[in-house]
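J.: Dumping the structure here so I can ask a few things about it.
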Amino acid sequence: MSEPIRFYYRGAVHEVSGVAPTRTVLQHLREDLHCTGTKEGCAEGDCGACTVVVGALDADGKLEMKAVNACIQFLPALDGKALFTVEDLQRPDGSLHPVQQALVECHGSQCGFCTPGFAMSLWGLYLKQDGQAPSRCQVDDALSGNLCRCTGYRPIIDAATRMTELPPAAFDAAALERELAAMRRARMAVYSDGEREFCAPRTLDELAAVRAAKPAATLLAGSTDVGLWVTKQLRDLGDVIYLGQVAELKTVIEADGMLEIGAAVSLEEAYAAVCGHYDELSELRQRFASLPIRNAGTLGGNVANGSPIGDSMPWMIALGAQVVLHSVSGTRVLALEDFYLDYQKKDLKPGEFVRSVRIPLPRPGVVFRTYKLAKRFDQDISAVCAAFAFTLDGGAVAAARIAFGGMAATPKRAARAEAALTGRAWDEAALTAAMAALGDDYAPLTDMRASGEYRMTTARNLLRRFWYETRPVAPLAADVVNAFAVRA
């Protein structure tokens, strides 16, 4: 029996029945509710014109408010949550919210098409700041998923500071927490349009059972990739199993020298946890997609997707991460590099799904770096993503783990380059041998992001950069290497 989709919207619980499981939040807003303040630009989560804010309860029952892209979020995934659009910002007396007023005062809009998305991203930031002026870094991060080609960003950035200087606007988080708590379901919900089902299990056992019953169903976590299968490729996903409500998949646990991150933990939360141990990942975290994508997407989904250019896999493989697979038959653990068999092919048995990933915590003697090359600093797919984790002992390489994304059909270790280094002094002669060996490890393709020649050249140069930063004699700080690269 199909149940209605229930979410909090415009001050009340809103129910929807009979819609296709892959109908997007944006389609429902614009076509069904005729709520057209939220715009459609790219329909792939890139431009930010469709940005909305979604409220949900965390494991402790506390409210989390996150900016996400409405164009790639499926409507049934809103069940039990709250949806806020640009229409919600204006006050009951007709006056503007400080976010809106700041955009007006700072001339942060020209054609206006992108402005609702900017307003919602700024509102998400406004709620987090609790009256405190945001830093420039916080502003840039909040706006990383919004594109404007009319105004330019300076007046919008000015508005981000100005909004906290205006008389504050109250937001009753406690009341919303009570509303959402009252909507919580205790068991798996199933939504259907009569042809396709959207199953939303609440526990790991429910997920394993429905996966066993529907081995061909599409697994959905953050919808940041699967959403594009519908909006861009027009694919029929069949039945959908949603992982976003499974409590056991939303945990982050430290145990036995490992950081275990559940498959439904968002990228933003996952990277925050990992960066608490590996500050070397801070730049990659900032450059990984945009904040709305990181708010919705999951680390487990990034792993399960198996993209050859996925930014998370190289550094996890270099660190020796494991993937935990689960089914009704039990649990299986694999080294992450063994999970990928070929292009878009993973070592998954029928009925299995990714339960979590385990990342080793820092160990004495291990030096680690990761680097991303792309055409833009923010919100861009890598041409090459490199990661290096070496165990150094007295100036020699006791062990080397090198992994690249974008260089092969899967994220892949550089076995020959590793062999050229292991047991040798970490000097320029060993570096030169390893750089040459990369030509035996990879035969990169040419595509719209980069040529094969560029990829090979830059992969070798990134290994050299790693040597500059970690060599036993006169290592260079990252900012010095950057300055050297600019001069060169």
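The values are calculated or read from the model by the stated rules, or taken from the named source; none is laboratory data. Being a predicted model, the structure only gives us computed values, none of them experimental. Ideal geometry is used to build each Cβ from the backbone, glycine not excepted, and the neighbour counts take in all protein chains shown. SASA here: full protein model, heavy atoms, side chains in, ligands and nucleic acids out. Shrake-Rupley method; radii C 1.70, N 1.55, O 1.52, S 1.80 Å.
J.: Can you pull out the residues in segment 1-21 that are within 26 Å of the chain's Cα centre (by Cα) and more than 18 Å from Phe198 (Cα to Cα)?
T.: Within segment 1-21, Tyr8, Tyr9 qualify.
J.: Could you say whether any residue in segment 248-261 is crowded, with 20+ Cβ neighbours inside 10 Å and within 14 Å of the chain's Cα centre (by Cα)?
T.: Scanning segment 248-261, I find at least one residue that is crowded, with 20+ Cβ neighbours inside 10 Å and within 14 Å of the chain's Cα centre (by Cα), so the answer is yes.
J.: Under the condition of being of a type in the set (Val, Ile, Thr) and farther than 14 Å from Leu319 by Cα, which residue from segment 370-402 is surrounded by the fewest Cβ atoms within 10 Å (Cβ to Cβ)?
T.: Ile381
J.: Follow-up question, since we're still on this one. Name the residues in segment 436-452 that are open to solvent by less than 30 Å² (accessible area, probe 1.4 Å) and either out of contact with any Pro (no Cβ under 7 Å at 6 or more places or on another chain) or of a type in the set (Phe, Trp, Tyr) (or both), would you?
T.: Ala437, Leu438, Asp441, Tyr442, Pro444, Ala450
J.: With the requirement that a residue be small (Gly, Ala, Ser) and either in a loop (DSSP other than H, G, I, E, B) or at pLDDT 95 or above (or both), what does segment 441-482 give you?
T.: Of everything in segment 441-482, those that are small (Gly, Ala, Ser) and either in a loop (DSSP other than H, G, I, E, B) or at pLDDT 95 or above (or both) turn out to be Ala443, Ala450, Ser451, Gly452, Ala459, Ala474, Ala477.
J.: Let me ask another. Could you identify the single residue in Arg465, Arg471, Arg455 that is among the basic types (Lys, Arg) and either open to solvent by 60 Å² or more (accessible area, probe 1.4 Å) or out of contact with any strand residue (DSSP E or B) (no Cβ under 8 Å at 6 or more places or on another chain) (or both)?
T.: Just one listed residue meets the conditions, Arg471.
J.: Among the candidates Thr432, Thr410, which residue alone is under 23 Å from the mean Cα position of the chain (by Cα), open to solvent by 10 Å² or more (accessible area, probe 1.4 Å) and not small (Gly, Ala, Ser)?
T.: Just one listed residue meets the conditions, Thr410.
J.: Could you check how many residues of segment 87-115 are surrounded by fewer than 24 Cβ atoms within 10 Å (Cβ to Cβ) and closer than 25 Å to Leu57 by Cα?
T.: Of the residues in that region, 6 qualify.
J.: Kindly check whether there is at least one residue in segment 304-311 that is within 15 Å of Leu267 (Cβ to Cβ), in contact (Cβ under 8 Å) with a residue 24 or more places away in the chain and touching a helix residue (DSSP H, G or I) at 6+ places or on another chain (Cβ under 7 Å).
T.: yes
J.: Also, I was wondering about something else. Which one of these does Val367 not meet: (1) surrounded by 20 or more Cβ atoms within 10 Å (Cβ to Cβ); (2) under 13 Å from Trp426 (Cβ atoms)?
T.: Answer for Val367: the failing condition is (1).
J.: Go through segment 7-22 and give me each residue that's buried (at least 19 other Cβ atoms within 10 Å of the Cβ) and within 17 Å of Val52 (Cα to Cα).
T.: Phe7, Tyr8, Tyr9
J.: Next question. Cβ-Cβ below 7 Å, separation at least six or inter-chain, first residue in segment 236-248 and in a loop (DSSP other than H, G, I, E, B), second open to solvent by 40 Å² or more (accessible area, probe 1.4 Å): which pairs?
T.: Within 7 Å, the pairs are Leu237/Trp229; Gly238/Arg196; Gly238/Ala216; Asp239/Arg196; Asp239/Glu197; Asp239/Lys214; Leu243/Leu219; Val246/Thr203.
J.: Return only the number of the condition from (1) crowded, with 20+ Cβ neighbours inside 10 Å; (2) farther than 22 Å from Met65 by Cβ; (3) under 23 Å from the mean Cα position of the chain (by Cα) that Leu147 does not satisfy.
T.: So the condition that Leu147 fails would be (1).
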